[in-house]
1. Scan the chain and hand back the longest stretch that contains none of the GluC sites (Glu not before Pro) lying in DSSP loops with at most 12 other Cβ atoms within 10 Å.
2. Trypsin sites (Lys or Arg not before Pro) within the range 55-112: which are DSSP loop residues with at most 14 other Cβ atoms inside 10 Å?
3. Which one of GLN66, PRO43, GLN7 has its Cα pushed farthest toward the positive end of the charge dipole of the range 5-103, where Lys and Arg give +1 and Asp and Glu give -1 at the Cβ?
4. Among THR25, THR67, THR48, which one shows the highest mean-square fluctuation when the chain is modelled as a Gaussian network with alpha-carbon springs under 10 Å?
5. For helix 58-74, report the angle its Cα long axis makes with the longest principal axis of the Cα atoms of the chain; keep it between 0 and 90° and round to the nearest 10°.
6. Please tell me the relative contact order of the chain in percent, rounded to the nearest whole number, where contacts are Cα pairs under 8 Å and at least six residues apart.
7. For q values of 0.10 Å⁻¹, compute log₁₀ I(q)/I(0) with the Debye formula on a Cα-only model of the chain, without solvent.
8. What residue among LEU102, LEU77, LEU26 shows peak mean-square fluctuation when the chain is described by a Gaussian network model with Cα springs under 10 Å?
Amino acid sequence: MMPTLFQKIIAREIPADIVYEDEATLAFRDVQPQAPTHILVIPKKPLTRLSDAGADDAELLGRLLQTVNRVAASEGLADFRVVVNNGAGAGQSVFHLHLHLLGGRPFRWPPG
Ligand code: AMP
């Protein structure tokens, strides 16, 4: 399979504004921010989407949320929104699991 855009960011084959990295996760700013802070948190493991995660990915899923918390704190966000678009019908356009961390403005509910 062709590497996705996000796999190329992990491999430093294309540039990104990386704000956090550890052995399992990477966080970088979205190129088309939908809020004053809009950061994508991804696993380095190439999971296509959330629903492809299995029981052996439980620790990784926890680590992704820990990275969200860490980055939100470093961005000074007390309140923030986390979004996962799972599948094209839900708005997913890059098929490498990613969590959108959005903050810095009020959010309405339900989302659009
Ligand atoms: P989704 O629609 O949930 O799959 O989100 C994909 C996100 O990736 C969108 O918010 C895009 O703006 C973002 N994106 C696309 N290309 C890049 C890139 N090269 N660097 C950072 N973010 C990107």
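1. Working: sites that count: GLU13, GLU23.
Longest stretch, sites excluded: 24-112.
2. Details: sites: ARG63, ARG70, ARG81, ARG108; in loops: ARG108.
The qualifying sites are ARG108.
3. Checked the options; the winner is GLN7.
4. THR48
5. Rounded to the nearest ten degrees, it is 40.
6. On the way: 155 pairs, mean separation 34.3, N = 112.
Worked out over the chain, it gives 31 percent.
7. These q points yield log10 I(q)/I(0) values of -0.27.
8. Largest GNM mean-square fluctuation: LEU77.
The values are calculated or read from the model by the stated rules, or taken from the named source; none is laboratory data. This one's a predicted model, so the numbers in the text were calculated from it and none came from an experiment. With ideal geometry, Cβ positions are generated from the backbone for all residues, glycine too; neighbour counts draw on all protein chains shown. Remember, those area values only see protein heavy atoms, side chains included, never the ligands or the DNA or RNA. Shrake-Rupley method; radii C 1.70, N 1.55, O 1.52, S 1.80 Å.
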